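> Sharing a structure below in structure tokens format, with a few things to ask.
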Amino acid sequence: MSEEITLMKGNEAVAHAAIRYGVDGYFGYPITPQSEIIETLMEAAPWNTTGMVVLQAESEVAAINMVYGGASCGKYVMTSSSSPGISLKQEGISYMAGAELPGLIVNVQRGGPGLGTIQPSQADYFQTVKGGGHGDYRLITLAPNSVQEMADFVALGFELAFKYRNPAMILTDGVIGQMMEKVKLPEQRRRRTEQEIREQCPWATLGKTADREPNIITSLELDSAVMEKNNERFQAKYRVVEENEVRYEEVKCEDADYLLVAFGSAARICLKTISLAREEGIRVGLLRPITLWPFPTKVLNEYAGKVKGMLTVELNAGQMIEDVRLAVNGKIPVEHYGRLGGIVPTPDGVLEALKEKIVK
Amino acid sequence: MDTNNIISPENLVYAKPELMNNNHMHYCPGCSHGVVHKVIAEVIRELELQEKTIGIAPVGCAVFAYKYLDIDWQEAAHGRAPALATATKRLLPDKMVFTYQGDGDLAAIGTAETIHAANRGENIAIIFINNGIYGMTGGQMAPTTLKGMKTSTSPDGRDVQTMGNPLKILDLVALLDGVCLATRTSVHTAAAVKKTRRMIKLAFENSMAGKGTSIVEVVSTCNAGWKMTPADANDWMVENMFPVYPIGDLKNI
């Protein structure tokens with residue numbers, strides 16, 4: 001088969017990648033700037049080809065709870081939304097984490113707080129990696145910086161979610177969701193049969209057969225002693241994820257005196273800043289976290305022994321900087337540069353900030 | 001006839017349904033939940049759906065429903081059971097999917113999920129226990145609490161001017177085209193239990209036949225929350241609940 005390369009939006013790539021991956025169900029509610037995901041799915045009508053269910057729910061709350069129901073059956077199920085809608089989904093995400101359910105949530109971020117703006121933002125970093133919903137839980141978080149990664153991370157998100165029985169999120173923003181790039185979609189996989197799901201997910205509620213006990217999906221446990229054990233089990237799992245699933249990209253870091261730390265669309269802007277800075281003789285590299293949780297703490301700590309300073313570039317008022325500072329642990333200066341409310345920084349703006357705050 | 005005669009198998013006229021396990025129920029003595037659980041267990045067995053049934057438990061008194069019936073269960077967030085059931089039935093169309101919800105869960109916090117699942121005509125059965133009060137949290141006012149009824153959050157009685165009127169959600173739902181069965185029953189007499197059993201069986205059959213959404217509202221007692229004996233609670237229900245929530249079919253097609 002010849003290589004199939006298409007030009008499409010990041011949001012469209014998510015939809016097509018979901019069909020190709022053999023996702024069983026998508027449940028969503030329209031909100032800008034991510035409505036192309038459900039529109040693309042409805043246009044593609046995958047229920048006629050792969051049998052994938054696509055449903056427009058009555059709210060984001062209902063959509064995430066449909067994901068909870070579908071995930072309880074061991075199915076590949078997903079939802080998508082943008083910041084205000086993701087806030088509504090937090091209850092369901094917490095319940096999924098508590099019931100150890102795998103599923104994929106896509107957040108195409110826009111500026112807040114409140115109804116905010118429909119322009120891109122990365123201001124949901126705290127919400128995503130620090131909890132969002134109630135209780136001690138973690139959300140596996142992938143931050144794509146291209147349309148290709150929007151497509152690729154659908155598969156990666158489901159793989160990690162099922163490997164650890166934990167919800168996973170693609171945390172992206174209006175820039176990546178709306179921009180068009182070429183993308184190579186994965187080959188079409190068939191959806192798993194019920195028998196395959198019974199074997200892969202022995203915990204799934206597919207109907208109790210005579211040879212096993214009832215499967216019960218719940219986050220409830222009123223016995224505090226047992227609930228503490230449950231929490232300890234979750235925490236042990238999170239430590240395994242932190243040990244094994246950290247992903248990041250290094251650009252021109254080998255000879256760098258300074259490091260930019262940025263994810264998603266901000267990292268794209270930093271690539272241009274690197275060449276502008278190097279033209280002026282400032283040796284700058286980029287460390288791009290791909291997983292925001294688990295966070296690339298170890299590698300950042302190592303770079304703190306090699307570079308003179310770091311600048312985090314974020315489309316927010318300074319959120320990821322807290323994790324970078326924790327990683328660096330005071331060894332070198334770490335400062336933040338960001339634009340707020342839907343404004344995207346320019347490469348020149350990043351360079352100026354680097355010179356003003358770090359290079360000096 | 002001595003005790004041995006009475007308990008001999010040939011004289012057995014009543015048995016615990018096979019699908020009910022030996023876990024101790026947390027329900028208060030006299031509460032309607034236990035009877036409805038038993039009826040559901042019997043109907044699933046009669047229809048031979050034990051390997052095809054997925055139950056969705058609510059938040060409220062029936063939050064632990066999954067402890068008592070040996071089938072696969074999902075425990076939902078408060079009010080969201082119809083959303084879970086929607087996805088489950090759509091992804092597993094050959095299964096029988098039912099929700100079991102109280103009036104706070106279904107008619108307050110879950111109103112949107114109830115109305116929209118029913119409006120889409122999801123092929124699910126909704127068993128709705130309406131006792132006019134929040135039992136699990138200790139007897140607060142529900143959307144279905146009667147006018148003038150005293151609860152811990154309406155200590156002087158429900159004032160409909162400031163607290164709203166009893167919500168007849170079954171009447172609302174019955175108007176929706178996606179609904180094939182909307183019926184009210186009770187379980188306070190043997191005849192009423194029999195009728196409830198018939199309606200739950202029909203609801204489960206409708207789910208399997210793909211006829212649309214079935215809702216069986218069981219007008220129930222909460223003798224603990226109402227602060228009455230079980231017998232008085234039954235009388236009070238007949239006298240006060242039935243005029244507001246009349247027993248019978250609103251829709252059965």
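> Can you give me the relative contact order of chain A as a percent, contacts being Cα pairs under 8 Å and 6 or more apart?
Relative contact order comes out at 18 percent.
> In whole Hz, with x marking every Gly and Pro, tabulate ³J(HN,Hα) for the stretch A:212-226 from phi via Karplus 6.51 cos²θ - 1.76 cosθ + 1.60, θ = phi - 60°.
With the stated coefficients, the stretch A:212-226 comes to 9, 6, x, 8, 10, 9, 7, 9, 8, 7, 7, 7, 4, 5, 6 Hz.
> For B:S154, enumerate residues with amide H under 5 Å from its amide H, sequence gap 5+ or separate chain, H modeled in the peptide plane.
Amide H to amide H, under 5 Å and 5 or more residues apart or across chains, B:S154 pairs with B:M141.
> From other protein chains only, count the Cβ atoms within 10 Å of every residue's Cβ in B:49-56, then give the mean.
Per residue, the number of nearby Cβ atoms from other chains is 4 on average.
> Test of understanding: what is the full-extension gain from B:M163 to B:A191, defined as 0.36 nm times their sequence separation minus their Cα-Cα distance?
Here the segment from B:M163 to B:A191 would lengthen by 6.6 nm.
> Using the 2.2 N^0.38 Å rule of thumb for compact globular proteins, work out how the stretch B:49-135 stacks up: its C-alpha Rg over that value, please.
Relative to the rule-of-thumb radius for its length, the stretch B:49-135 sits at 1.00.
> Quick one: length gained pulling A:D255 to A:Q235 fully straight, 0.36 nm per residue minus the C-alpha distance?
3.5 nm is the gain from fully extending A:D255 to A:Q235.
> What FRET efficiency comes out for A:A210 versus A:E181 if R0 is 56 angstrom and r is the Cβ-Cβ distance? Round to the nearest 0.05.
Working from the Cβ atoms, E equals 0.60.
> Right, another one. Pop the C-beta distance of B:E46 and A:E3 into the FRET formula with R0 = 45 Å and round what comes out to the nearest 0.05.
Between B:E46 and A:E3 the formula returns 0.20.
> Can you bin every Cα-Cα distance in the protein assembly as shown into 20 Å intervals starting at zero and give me the percent of pairs per bin, rounded to whole numbers?
For the protein assembly as shown, the pair-distance distribution reads 19, 45, 26, 8, 1, 0.
> Report the full-extension gain for the segment A:R283 to A:D136: residue separation times 0.36 nm, less the Cα-Cα distance, to one decimal in nm.
48.9 nm
> Summarise the partner chain shielding of A:205-215 as one whole number: the mean count of Cβ atoms from other chains within 10 Å of each residue's Cβ.
Per residue, the average neighbour count from other chains is 6.
> Given only helices, namely DSSP H runs of n ≥ 4 each adding -39500 (n - 2.57), what is the per-residue ellipticity at 222 nm of chain B, to the nearest 500 deg cm²/dmol?
-9000 deg cm²/dmol
> Using just the helices of chain A, give the 222 nm mean residue ellipticity in deg cm²/dmol: DSSP H runs with n ≥ 4 each add -39,500 (n - 2.57), and the total is spread over all residues, rounded to 500.
-12500 deg cm²/dmol
> Can I ask one more? Could you name the aspartates and glutamates in cross-link range of B:K195, using Cα to Cα under 19 Å and dropping any fewer than eight places away on the same chain?
Within reach: B:E42, B:E46, B:E205, B:E217, B:D235, B:D249.
> Calculated FRET efficiency, A:E242 and A:L220, Cβ-Cβ r, R0 30 Å, to nearest 0.05?
That gives a FRET efficiency of 0.65.
> Using the alpha-carbon atoms, what tilt in degrees (0 to 90, nearest 10) does helix A:83-98 show relative to the longest principal axis of chain A?
Orientation of helix A:83-98: about 60 degrees from the principal axis.
> Once the other residues with Cβ under 15 Å from the Cβ of A:I274 are scored (Lys, Arg +1; Asp, Glu -1), what is the net sum?
Taking every Cβ under 15 Å from that of A:I274, the sum is -2.
> Using only alpha-carbon positions, what ratio does the radius of gyration of the stretch A:236-330 give when scaled by 2.2 N^0.38 Å?
1.06
> Can you compute the modelled spin-label distance between B:R198 and B:N119, with each label point 7 Å from Cα toward Cβ, in nm?
Each label point lies 7 Å from its Cα, and together they span 3.3 nm.
> Put a dot 7 Å past each Cα toward the Cβ at B:V244 and A:A317; how far apart are the dots in nm?
So the label points at A:A317 and B:V244 sit 4.7 nm apart.
> Follow-up. Calculate log10 I(q)/I(0) of chain A for q = 0.09, 0.14 Å⁻¹, where I(q) comes from the Debye formula with a single equal point scatterer on each Cα and nothing for solvent.
-0.50, -1.14
> Report, by chain and number, residues whose modeled amide H sits under 5 Å from the one on B:M96, excluding near sequence neighbours (fewer than 5 apart, same chain).
B:T53, B:I54
> Between their Cα atoms, which of A:K75/B:K201; A:K252/A:K331; B:K95/B:K201; A:K306/A:K355; A:K184/A:K298; A:K208/B:K38 are more than 25 Å away from each other?
Flagged as over cut-off: A:K75/B:K201; A:K184/A:K298.
FYI, it's all coordinate maths here, none of it is from the lab. Note that the coordinates shown come from a computational prediction; the quantities given were computed from them, not determined experimentally. Positions of Cβ are generated from backbone atoms using ideal geometry, with glycine treated the same way; all protein chains shown enter the neighbour counts.
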